Amino acid sequence: MLALNPAVRDLLRLPIREYHFSIPVRMDEGEIKVFRGFRIQHNDARGPGKGGIRFHPLQTVDILRALAMWNTWRCAVADLPLGGSMGGVVCDPHDLSPLEQERICRGWVRQVARNMGPEWDVPSPDLMTTPQHMLWMLDEYEAIHGNKSPGFITGKPVGMGGSSGRKEATGYGLMIIVREALKDLEIKTINTTASFQGFGNVAQHAIQLYQRMSGVATCVSSWHHADQTAYAYRKKSGINLDELLAITNPFGEINKAKALEMGYECLPGEAWIEQDVDILVPAAIENQITAQNVERISPKVKILAEGADGPTNPEVDVLLGQRGVRVIPDILANSGGATCSYFEQVQSNMNYYWKRDEVLGKLDVHMTSAYIDISELAHSRKIPLRDAAYIIAVERVTRACQERGWA
Ligand code: NAD
């Protein structure tokens with residue numbers, strides 16, 4: 001659709017730079033163990049790279065390459081002046097003491113400290129990495145370079161260079177986009193109901209803002225570790241967020257017995273998808289809306305807002321469109337977190353921190369304008385929002401590459 005020339009295709013298909021390295025770490029028992037670490041810089045034509053650092057035992061360089069590319073598109077869709085990167089270490093923090101984790105963090109930075117930085121490539125937390133890990137990494141980076149550079153990394157603790165509003169940003173951003181989509185459809189939020197898959201960081205904050213906009217969330221689901229299955233919790237009159245938060249553990253698992261005591265219906269995990277609601281919000285994991293369950297979606301559903309990454313399988317995308325469901329694609333719908341990381345970077349580089357209201361106000365402006373760009377293109381070319389989002393992202397990155405003379 002974009003008629004990209006062969007040089008652009010070659011440039012975008014592969015990361016522009018990759019670093020693969022070994023991190024020797026002295027373990028608590030005294031022996032040295034060598035961990036594999038990576039930083040993948042997919043494309044930085046639009047600005048410094050941005051992307052997480054993941055600690056995972058099953059990490060592969062191909063997964064990191066894919067995530068780095070996805071970050072390029074996510075930043076471009078949100079019109080952030082940033083490129084896409086991703087990094088990680090093959091390790092399982094469950095089996096490592098805090099001191100061993102600290103040595104891995106510092107070792108990772110020692111290997112890439114000269115190939116990263118506030119003006120070049122900025123990491124952030126991802127799977128199994130935390131604000132504490134980010135702070136150790138920052139400390140090592142500053143020791144190597146001999147200066148204070150809080151803009152080297154984002155996702156730091158608030159008060160130590162982190163941004164207010166970061167924890168709410170993805171869920172709030174998601175609902176800001178839903179609000180705009182409802183306006184397009186000329187539906188008032190007060191007349192809508194919604195069902196959510198997942199009850200973690202994204203879903204909890206999305207529900208909070210949705211309820212403030214007078215929407216009624218009737219169903220949420222969460223994973224039950226002991227039973228190794230998910231359950232959906234329903235209250236047709238509307239769930240009480242504070243009451244449910246009080247019986248949810250830090251992993252987003254709702255206590256089933258207490259939910260039953262509180263009068264919630266406890267249904268099989270997949271029930272979230274078949275609720276008679278206006279809005280469906282998958283906010284748990286990937287591959288959840290498939291050819292096997294798509295028919296169970298109620299004809300009442302008008303919007304499917306992808307909080308999670310990749311929840312809708314490609315083969316059902318077209319079907320949902322034919323049924324008149326407006327699918328808001330993940331790279332737009334959950335880009336509030338990336339946007340707030342960008343705000344943290346800006347604040348850290350200035351060493352001047354905004355109040356929460358200012359951060360969330362700027363988030364609203366950014367998300368709204370990203371949605372308007374994409375929905376106008378989708379409308380004028382009569383294409384789904386997902387195609388429009390990818391067209392805008394790839395086109396913006398292509399233009400930056402061409403204007404720099406790279407392609
Ligand atoms: P989280 O770990 O805080 O919560 C995940 C929730 O999903 C938990 O309530 C868990 O019980 C539930 N869950 C897991 N498997 C389930 C299943 N099979 N059925 C029903 N519920 C299940 O995670 P999060 O930060 O809320 O992220 C959710 C999704 O959003 C992920 O796909 C993540 O990649 C994506 N995302 C998150 C952010 C962010 O800033 N947190 C940003 C962009 C994308």
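Before moving on, here are some points about what is shown:
- Looking at S85, S163, just one residue is within 15 Å of the ligand (Cβ to nearest atom) and among the hydroxyl-bearing types (S, T, Y), and that residue is S163.
- Screening the stretch 198-215 for residues that are among the hydrophobic types (A, V, I, L, M, F, W, C) and part of a loop (DSSP other than H, G, I, E, B) and picking the one that is surrounded by the fewest Cβ atoms within 10 Å (Cβ to Cβ) gives M213.
- Qualifying residue in the stretch 277-286 (condition: free of Cβ contacts under 8 Å to residues at least 40 places away in the same chain, buried (at least 21 other Cβ atoms within 10 Å of the Cβ) and not acidic (D, E)): no
- Residue ranges of strands (runs of 3 or more DSSP E) in the stretch 221-290 with at least 2 members under 19 Å from D317 (Cα atoms) and more than 8 Å from the ligand (Cβ to nearest atom): 279-282
- Restricting the stretch 200-213 to residues that are of a type in the set (S, T, N, Q) and out of contact with any strand residue (DSSP E or B) (no Cβ under 7 Å at 6 or more places or on another chain), the residue that is farthest from the ligand (Cβ to nearest atom): Q208
- Scanning the stretch 38-50 turns up at least one residue that is of a type in the set (S, T, N, Q), within 20 Å of T154 (Cβ to Cβ) and in contact (Cβ under 8 Å) with a residue 40 or more places away in the chain.
- Test: Q41 is more than 20 Å from R404 (Cβ to Cβ), surrounded by 15 or more Cβ atoms within 10 Å (Cβ to Cβ) and either within 19 Å of the chain's Cα centre (by Cα) or at pLDDT 95 or above (or both): no
- Considering the stretch 54-83, the residues that are part of a strand (DSSP E or B) and in contact with a helix residue (DSSP H, G or I) (Cβ under 7 Å, 6 or more places away or on another chain) include one that is farthest from P118 (Cα to Cα), namely F55.
- Scanning the stretch 145-180 for residues that are small (G, A, S), more than 18 Å from P123 (Cα to Cα) and surrounded by fewer than 20 Cβ atoms within 10 Å (Cβ to Cβ) turns up G146, G159.
- The one condition in (1) among the polar types (S, T, N, Q); (2) at pLDDT 95 or above; (3) in a loop (DSSP other than H, G, I, E, B); (4) within 16 Å of the ligand (Cβ to nearest atom) that N115 fails to fulfil: (4)
- Qualifying residue in the stretch 189-199 (condition: within 30 Å of G151 (Cβ to Cβ), of a type in the set (S, T, N, Q) and within 16 Å of the ligand (Cβ to nearest atom)): no
- If only residues of the stretch 293-352 that are within 15 Å of the ligand (Cβ to nearest atom), without any contact (Cβ under 8 Å) to a residue 60 or more places away in the chain and buried (at least 21 other Cβ atoms within 10 Å of the Cβ) are counted, the one that is nearest to A283 (Cα to Cα) is E306.
- Restricting the stretch 158-170 to residues that are touching a Cys at 6+ places or on another chain (Cβ under 7 Å) and assigned to a helix (DSSP H, G or I) leaves a set whose member that is nearest to A78 (Cα to Cα) is A169.
- Residue in the stretch 15-30 that is aromatic (F, W, Y) and either at pLDDT below 95 or buried (at least 19 other Cβ atoms within 10 Å of the Cβ) (or both) present: no
- Checking the stated criteria, G173 turns out not to satisfy the condition of being part of a helix (DSSP H, G or I), in contact with a Pro (Cβ under 7 Å, 6 or more places away or on another chain) and modelled with pLDDT of 95 or more.
The values are calculated or read from the model by the stated rules, or taken from the named source; none is laboratory data. Just so it is clear, the structure is predicted and the values come from calculations on it, not from any experiment. Positions of Cβ are generated from backbone atoms using ideal geometry, with glycine treated the same way; all protein chains shown enter the neighbour counts.
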